[in-house]
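Student: Below: one structure in structure tokens.
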Amino acid sequence: MSFADKLLKYQEFPFASYLAGVTGADIERTLAKEALVERDFLNLLSEQAVPYLERMAQKAHQLTVQNFGRVILLYTPLYLANYCVNQCAYCGFNVTNRITRKKLTLEEVEKEARAIAQTGLRHILILTGESRHHTPVSYIEDCVRVLKNYFDSISIEIYPLTEEEYGQLVAAGVDGLTLYQEVYDPVTYDEIHLAGPKKDYRFRLAAPERACRARMRAVNIGALLGLQDWRKEAFFTGLHAAYLQDKYLDTEISVSLPRLRPHVGNFAPRSVVSDRDLVQILLALRLFLPRAGITISTRERAEFRDNLLPLGVTKMSAGSCTSVGGHLEEATEGQFDIADQRSVREMHAMLVSRGYQPLYKDWHHL
Amino acid sequence: MEDKLIIGGQELESRLFIGTGKFSSHEIIPKVIAVSGSQVITMALRRVNFSNEQDNVLNYIDKKCILLPNTSGARNAGEAVRIARIAREAGCGNWVKIEVISDNKYLLPDNYETIRATEILAKEGFVVLPYMSPDLMAAKRLEEAGAAAVMPLGAPIGTNRGLMTRELIRILIAEIKVPIIVDAGIGRPSQAAEAMEMGAAAVLVNTAIATAQDPVQTARAFSLAVQAGRMAFLSGPGAVQEYAVASSPLTGFLHK
């Protein structure tokens, strides 16, 4: 069964009445279990779970320390280009936005790489918009060849590819994929992706699975929180991660929890996700998927990120910028505004002061 | 009485091997090594940061210790072999702990791929210590393939559940000639002592020490437990009886 089929099974599911019917006793039962099933996960996402957040947090913390230790992997994004043919209502790179468009030359990629590597980071996430014309797979491959000299792990966050193309990038030295479905609800998906190849919901939905089949080592998924009812979106994200984890046993599956940030253009979130809501999602995910990686990016404020640290987080970005050429002198407008401007050194100091080991390297090119 | 563990031609006093993962900082590692007296220290090659002296875990391990790089992250024999070669070229010595895990959920080892990697690496002169699911036939294959020791799991990695595989490990101890080192799952010093009492040659502990409130004291407790367990094994504990043994036996008159 594909994940699309699995989602279909939930199309008729009465979320509103189920969530309203969850009782304190249900939450107690869920918390007493060692391994959670889908309904348990949904229970923990319900309003009734709010009074149990502290207990969930204690359990989430213990599970995370047991599985990952007091260790946080640090990485940073590197924007290669911002050319994009899509019209996503919520994104600064939207083709209709009049921003400076740029694509790094290989020399510029090298300069950026050198600047980032000097901060001590060994894991990099490279990003582009969707433009097969400006940033074809061959361009990504060329960039990876340069970056391999500076980093131990290279992940991509680009437009969805075919299995063969993922295989090509794995062979070039890419070991991780980040790809957000943005929104799992197909109706909303269609509404906010106004034009462009990204309108193809199913091609995107199956992309993480294609990457697993192409032997990508790590696959990171997520929903852009704020685009639709967060309880349902968080639920589907967890189901998607569980589906991949069960089917592709040797791939490391992670989940990101990106909240919609201000950007160029105007798009108001449809479902406001408060700090408390984000904490609830994070805890529910950790209890449902004790072995999954969880990423919190610089979309979140410094102080809030620090507080999330012991609740199940395993990866954090540092020294981030979302513009093309951000580590050089001339940068473009960013994809979205970042809220945590701390440098790698500052993040390092924060982690150490809180009794966590900043992890710079967790892979080695073979 | 002299009681040394010999692996790969090396004589070891300490029967507690320790891991370097999951600690809140590298600075704790030398203290843990010092109080535990451990002589064999394992580290994931994937995490050794060769480009930063301060972050490089190798710089926190006493030079007198034997490095046991592990192949964490390997999904098959081919990857394990490549990681082992990289570790040796990088100066980590010729010991290797093979860890082939193709299941990220339970982190259970793939015995079949582990045997294949052991065959290749033993031929290349490595001292190979394969991490495995305790299965007698697989352990025999590993022994034939040239493993210097066999490392069955007590319970899945990081679970601190103790010797859940006790009966299977007991059989390995009885049937396999190379040392049996219980790796993974040992959560408390008493469980380490139990493994040693059963006749395990050594134990490897990481999570239970690294994630303890006080890792240094915990390491000391494990070290003492391993010594006590070993001593108990060597001295041959009394047999367990179903009934109390009366000090004034009823049939004593027969022997008068």
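Student: List the trypsin sites (Lys or Arg not before Pro) within region B:122-222 that fall in a DSSP loop (any state other than H, G, I, E or B) and whose Cβ has at most 16 other Cβ atoms within 10 Å.
Tutor: B:161, B:177
Student: Here's another thing I want to ask about it. What's the average, rounded to a whole number, of partner chain beta-carbon atoms within 10 Å of each residue's beta-carbon in A:291-297?
Tutor: So the per-residue partner count for this stretch is 1.
Student: Looking only at region A:49-206, where both bridge partners belong to it, what percent of the DSSP beta bridges are antiparallel (to the nearest 5)?
Tutor: DSSP beta bridges in region A:49-206 are roughly 20 percent antiparallel.
Student: Then there is this: Which of the listed residues, B:198, B:83, B:228, is farthest toward the dipole's positive end in region B:5-235, when Lys, Arg count +1 and Asp, Glu count -1 at the beta-carbon?
Tutor: Most positive-ward Cα: B:228.
Student: Additional query: Computed over the Cα atoms of the protein assembly as shown, what is the convex hull's projected area averaged over all directions, in nm²?
Tutor: 32.4 nm²
Student: Sticking with this structure for a sec: Which of A:247, A:232, A:315 moves most in a GNM of chain A, Cα contacts under 10 Å?
Tutor: A:247
Student: Against the longest alpha carbon principal axis of chain A, how many degrees, from 0 to 90 and to the nearest 10, is the axis of helix A:163-172 turned?
Tutor: Computed tilt is about 60 degrees.
Student: Tell me, for the protein assembly as shown, which Cys residues have no other cysteine's C-beta sitting closer than 4.7 Å.
Tutor: Result for the protein assembly as shown is A:84, A:143, A:212, A:321, B:65, B:92, no neighbouring Cys Cβ within the cutoff.
Student: Rounded to the nearest 10 degrees, what's the angle between the helix A:230-247 long axis and the longest principal axis of chain A, both from Cα atoms, 0 to 90?
Tutor: Roughly 80 degrees, rounded to the nearest 10.
Student: Only counting other Cβ atoms within 10 Å, I'd like B:119, B:167, A:233 sorted with the fewest neighbours first.
Tutor: Listing B:119, B:167, A:233 from fewest to most nearby Cβ atoms yields B:167, B:119, A:233.
Student: Sort A:320, A:46, A:271 so the one with the fewest other Cβ atoms within 10 Å of its own Cβ comes first.
Tutor: A:271, A:46, A:320
Student: Next question, about the same structure. What does the helix-only formula give at 222 nm for chain B: each DSSP H stretch with n ≥ 4 adding -39500 (n - 2.57), the total divided by the residues, and the result rounded to the nearest 500 deg cm²/dmol?
Tutor: Result for chain B, helices only: -10500 deg cm²/dmol.
Student: Can you give the % of DSSP beta bridges in region B:5-235 that are antiparallel, to the nearest 5?
Tutor: The antiparallel proportion sits near 15 percent.
Student: From Cα pairs below 8 angstrom and at least 6 apart in sequence, can you work out the relative contact order of chain B, rounded to a whole percent?
Tutor: Result for chain B is 16 percent.
Student: Right, here's the next one. Averaged across A:355-364, how many Cβ atoms of other chains sit within 10 Å of each residue's Cβ atom?
Tutor: 6
Student: For n ≥ 4 DSSP H runs only, could you compute -39500 (n - 2.57) per run for chain A, divide by its residues and tell me the 222 nm figure to the nearest 500?
Tutor: -11500 deg cm²/dmol
Student: Of the beta bridges DSSP finds with both residues in the protein assembly as shown, what % are antiparallel, to the nearest 5?
Tutor: Just about 10 percent of them are antiparallel.
Student: Assigning unit charges at the beta carbon (Lys, Arg +1; Asp, Glu -1) and nothing else, what dipole magnitude in debye, to the nearest 20, does region B:5-235 show about its Cα centre?
Tutor: Using Cβ point charges on Lys, Arg, Asp and Glu, region B:5-235 gives about 120 debye.
Student: Cα extents of region A:87-129 along the three principal axes, largest first, in whole Å?
Tutor: 36, 20, 12
Student: Angle check, please: helix A:275-288 long axis (alpha carbons) against the longest principal axis of chain A (alpha carbons), in degrees 0 to 90, nearest 10.
Tutor: 80 degrees
Student: While we're on this one: Where is the GNM fluctuation largest for chain B (alpha-carbon springs, 10 angstrom cutoff): B:227, B:213, B:39?
Tutor: With Cα springs under 10 Å in chain B, the top fluctuation among B:227, B:213, B:39 is at B:213.
Student: How far is it, in nm, from the label point at residue A:229 to the one at residue B:175 when both lie 7 Å from their Cα along the line to the Cβ?
Tutor: 5.6 nm
Student: Under 18 Å Cα to Cα from residue A:148, which aspartates and glutamates show up? Leave out anything in the same chain fewer than 8 places away.
Tutor: Candidates past the 8-residue exclusion: A:107, A:108, A:110, A:112, A:157, A:175, A:362.
Student: Residue A:2 to residue A:105: extension gain in nm, 0.36 nm per residue of separation minus the Cα-Cα distance?
Tutor: 33.2 nm
Student: Which residue fluctuates most in the GNM of chain B (Cα springs below 10 Å): B:125, B:229, B:158?
Tutor: Between B:125, B:229, B:158, it is B:125 that shows the largest mean-square fluctuation.
Student: While we're looking at this one, here's another question. How compact is region B:5-235 by the rule of thumb for globular proteins, expressed as Cα Rg over 2.2 N^0.38 Å?
Tutor: Dividing the Cα Rg of region B:5-235 by 2.2 N^0.38 Å gives 0.92.
Student: Sticking with this structure for a sec: Within a 10 angstrom radius of each residue's Cβ in A:61-69, how many Cβ atoms of other chains show up on average? Whole number is fine.
Tutor: Taking all residues of A:61-69 together, the mean is 4.
Student: Which residues among region A:303-329 fall inside the zone where the amide N is under 14 Å from a point 7 Å beyond the Cα of residue B:25, along Cα→Cβ?
Tutor: Counting only backbone N, you get no residues.
Student: Taking the Cα-to-Cβ direction at residue B:123 and at residue B:11 and moving 7 Å from each Cα, how far apart do the two end points lie in nm?
Tutor: Distance between label points: 3.4 nm.
Student: Okay, next question. Rounded to the nearest 20 Debye, what is the dipole magnitude of the protein assembly as shown about its Cα centre when Lys and Arg each give +1 and Asp and Glu each give -1 at the C-beta?
Tutor: For the protein assembly as shown, the charge dipole is close to 500 debye.
Student: Same structure, new question: Put a dot 7 Å past each Cα toward the Cβ at residue A:25 and residue B:213; how far apart are the dots in nm?
Tutor: According to this spin-label approximation, the distance is 3.6 nm.
Student: Largest first and in whole Å, give the semi-axes of region A:1-70's equivalent ellipsoid, each being the square root of 5 times a Cα gyration tensor eigenvalue.
Tutor: Equivalent ellipsoid of region A:1-70: 25, 18, 9 Å, largest first.
Student: Sort A:107, A:209, A:12 so that the residue with the fewest other Cβ atoms within 10 Å of its own Cβ comes first and the one with the most comes last.
Tutor: Taking fewest neighbouring Cβ atoms as first place, the list is A:12, A:107, A:209.
Student: Of B:64/B:177; A:102/A:198; A:6/B:22, which pairs sit farther than 29 Å apart, going by alpha carbon to alpha carbon?
Tutor: Long pairs (Cα-Cα over 29 Å): A:6/B:22.
Student: For region B:130-256, build the convex hull from the C-alpha positions and give me its volume per residue in Å³.
Tutor: 150 Å³
Student: Give the dimensionless ratio obtained when the Cα radius of gyration of chain A is divided by 2.2 N^0.38 Å.
Tutor: 0.94
Every read-out reported here was derived from the displayed coordinates using simple, explicitly stated rules and does not represent laboratory data. Here the structure is a predicted model, which is why all the values come from computation and not from measurement. When we count neighbours, we look across all protein chains shown, and the Cβ atoms used for this are built from the backbone with ideal geometry, even at glycine.
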